[in-house]
Amino acid sequence: MDASVVIVGAGPAGLMLAGELRLAGIDVVVLDQLSQRTGQSRGIGLTPRTVEVFDQRGLLPRFGDIEMSSLGHFGGIPLDFGTVDSDAQAAKTVPQSVTESVLEDWVRELGADIRREHRFIGLTDRADHVEVEVHTPAGRRRLTAAYLVGCDGGRSSVRKAAGFDFPGTPATTELFLADIRGVDLEPRMIADRVSDGMVMVGPLADGVHRIIVAERGAPPQQRTGPPPFSEVADAWKRLTGIDISHAEPLWVSAFGDAARQVTEYRRGRVLLAGDSAHIHLPAGGQGMNTSVQDSVNLGWKLAAALRGTAGHTLLDTYHSERHEVGRRLLANTRAQSLLLLGGTDVEPLRDVLTELAQYEDVARHFAAKASGLDIRYDVGRGANPLLGRRMPRLDLRLGTGAIASSTTLLWPGRGVLLDLDGTPYLRRRAAAWADRIDIVTATPQDVPAGSPLEGVSSVLLRPDGYVAWVAPGSYHDLPSALERWFGPARHRSNTVASAR
């Protein structure tokens, strides 16, 4: 084998997956056809859920000073993520290029092999491995790996070569995106519907503005490259009356509102993550964020399959969990597309939804959808509302007397059994899984009244931060939960299977 896993695509999804696999000790090769990062940024923010994901891997400090906000929108209707979780904060001004830079540095430090100017050509899925054809600077080469993961975007070559079905709806409208300098524009951070379309303006660093413009009824064009800036400037003037033709364009692109999702996220030894698996209107910046979360869900499961600590039953939950997330993502972005790009016939619907959003329960529902804070996986029956949801951040006093957060405990990318009331039998019952989970006894510093953590004595966390078992409140016992998510119990004399 050239690697346990070959990942095609060094964008946020591919890099995040490589990092998750390296935390688990899996050797990985990342292929990308570009000689270097483009520096371009389709996404310019992180949703609250992705902020949490980066926090649980200790990555947030690497981003430096970032502007945090609880505000967002659903199809142009203002939202406050704080209605879902008082601690929910989005990072508003983080360009995708910065995210990629942070992730690449992290992944290289972890020992991932990133090979640029390596273009994927084709694959052959064998019974026990995958053969990957690659065009390299030295010519054509064949790599072998236990698994291949396509993280190569909406036009994914891996998806096409592996024969994944990709049903959905084609684009009906073309939108322009441009980063420009040398013009003074008022921020329009929430999509602004104008008479014949939609416009947005977001300030970036160094006097650069990100603009998005869509003229109602403008059909997608067959383009071989980016549109000329003159087209963007003309559309902007028609919709706003403002002349930006004198601005310096740093980057211009066109995209559409197509919505598609593969019917399966895994076919044999080939898997898809991120835009390779789903495309949609990038409403609220959900695309890159969902892609990163796909990889965090997949990484520890694929590592467990490779190490032999869990079988394909666990790996199959990648599809069952993330396909449903993707389906709901397409549903909410298609709804937002109608609200943002629809004509006067949509105005009555917008008026009704805007009115409904004044009700706290409705506002919370919309905010949860747009932020990803509504995700809940099927981890088994139980009465506790924590089951299947992300563990809320909790400050803890460890047995050593040190203060740590529940987030910090997840930095190594392992499962965590958190004993909050010093129950001796927990450590004994979980000892046979100590090679895969960390057993931590700690005292909560402050559990607010009404918190789902109130009265909780112990919590089992998956490596992705989701609660797999809780006491009291789960209708199955701890060993059953440990076996479901971390594989069969092992005696101390057993050795962990090779990553291959």
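Values in this text are rule-based calculations from the coordinates and carry no lab data. These numbers were taken from a predicted model, which means no experiment stands behind them. Using ideal geometry, Cβ is built from the backbone for each residue, glycine included, and neighbour counts are taken over all protein chains shown.
At 0.36 nm per residue, minus the direct Cα-Cα distance, what do residue 136 and residue 194 gain on full extension? Give it in nm, one decimal, please.
Once the chain is fully extended between residue 136 and residue 194, it gains 16.1 nm.
Ranked highest first by average number of other Cβ atoms within 10 Å, how do 442-450, 192-200 line up?
Highest-to-lowest ranking by the protection proxy: 192-200, 442-450.
Roughly speaking, what % of Cα-Cα pairs in the range 395-486 are separated by over 17 Å, rounded to a whole number?
Result: 46 percent of Cα pairs exceed 17 Å.
Taking the range 300-404, which chymotrypsin sites (Phe, Trp or Tyr not before Pro) meet the DSSP loop condition and have no more than 15 other C-beta atoms within 10 Å?
Taking the range 300-404 and a limit of 15 other Cβ atoms within 10 Å, the loop chymotrypsin sites (Phe, Trp or Tyr not before Pro) found are 359.
Explain nothing, just compute: Karplus ³J(HN,Hα) = 6.51 cos²θ - 1.76 cosθ + 1.60, θ = phi - 60°, for every residue of the range 64-78 in order, whole Hz, x for Gly and Pro.
x, 6, 10, 7, 9, 8, 9, 9, x, 8, 10, x, x, 8, x
In the calculated pair distance distribution of the range 1-62, what percentage of Cα-Cα distances lie above 16 Å?
Here the tail beyond 16 Å accounts for 55 percent of pairs.
Rounded to the nearest 20 debye, what is the charge dipole size of the range 94-212 about its Cα centre when +1 sits on each Lys and Arg Cβ and -1 on each Asp and Glu Cβ?
It works out to roughly 460 debye.
Within 10 Å of each candidate Cβ there may be at most 12 other Cβ atoms; applying that plus a DSSP loop requirement, which trypsin sites (Lys or Arg not before Pro) in the range 331-401 survive?
Within the range 331-401, the qualifying trypsin sites (Lys or Arg not before Pro) (loop, at most 12 other Cβ atoms within 10 Å) are 381.
Give the label of the value calculated from the structure for semi-axes √(5λ) of the Cα gyration tensor in Å, choosing from (i) 46, 26, 19; (ii) 39, 29, 20; (iii) 55, 35, 20.
Label (ii) holds the value from this structure.
In percent, what relative contact order does the chain have, based on Cα pairs under 8 Å that are 6 or more apart in sequence?
Relative contact order here is 17 percent.
So how strong a dipole does the chain carry about its Cα centre when Lys and Arg Cβ are +1 and Asp and Glu Cβ are -1, to the nearest 20 debye? Display every interim value, and only then the final one.
On the way: 55 positive and 60 negative charges, 368 e Å.
That gives the chain a dipole magnitude of about 1760 debye.
Please label the shape of the range 51-121 as rounded, prolate or oblate, based on the square roots a ≥ b ≥ c of the eigenvalues of the alpha-carbon gyration tensor (a/c under 1.5 means rounded; beyond that, a/b larger than b/c means prolate, else oblate).
Working: a/c = 2.89, a/b = 1.92, b/c = 1.51.
Taking the square roots of the gyration eigenvalues as a ≥ b ≥ c, the range 51-121 is prolate.
Before anything else, pin down the relative contact order of the range 174-256: Cα pairs under 8 Å, at least 6 apart, normalised by residue count, whole percent.
41
Residue farthest toward the positive end of the dipole of the chain, with Cβ of Lys/Arg at +1 and Asp/Glu at -1: which of 254, 17, 233?
Of the candidates, 17 comes out farthest on the positive side.
Could you work out the relative contact order of the range 341-494? I mean the mean sequence separation of Cα pairs under 8 Å and 6+ apart, divided by the number of residues, in percent.
25
Taking +1 at the Cβ of each Lys and Arg and -1 at the Cβ of each Asp and Glu, which of 482, 182, 150 sits farthest along the dipole of the chain towards its positive end, judged by Cα position relative to the Cα centre?
My answer, from the dipole projection, is 482.
So if I place +1 on the C-beta of Lys and Arg and -1 on the C-beta of Asp and Glu, and nothing else carries charge, what would the dipole magnitude of the range 395-486 be about its Cα centre? I want it in debye, nearest 20.
It comes to approximately 260 debye.
If you take the charge dipole of the range 363-500 about its Cα centre, with +1 on Lys and Arg Cβ and -1 on Asp and Glu Cβ, which of 431, 442, 471 is farthest toward its positive end?
431
Which of the peptides 170-182, 116-128 is most tightly packed, and how do the rest follow, judged by the mean count of other Cβ atoms within 10 Å per residue?
The most tightly packed comes first, giving 170-182, 116-128.
In whole Hz, what ³J(HN,Hα) sequence does the range 86-102 give by Karplus (6.51, -1.76, 1.60; θ = phi - 60°), x for Gly and Pro?
4, 8, 5, 9, 9, 8, 8, 10, 10, x, 4, 4, 5, 4, 5, 5, 4
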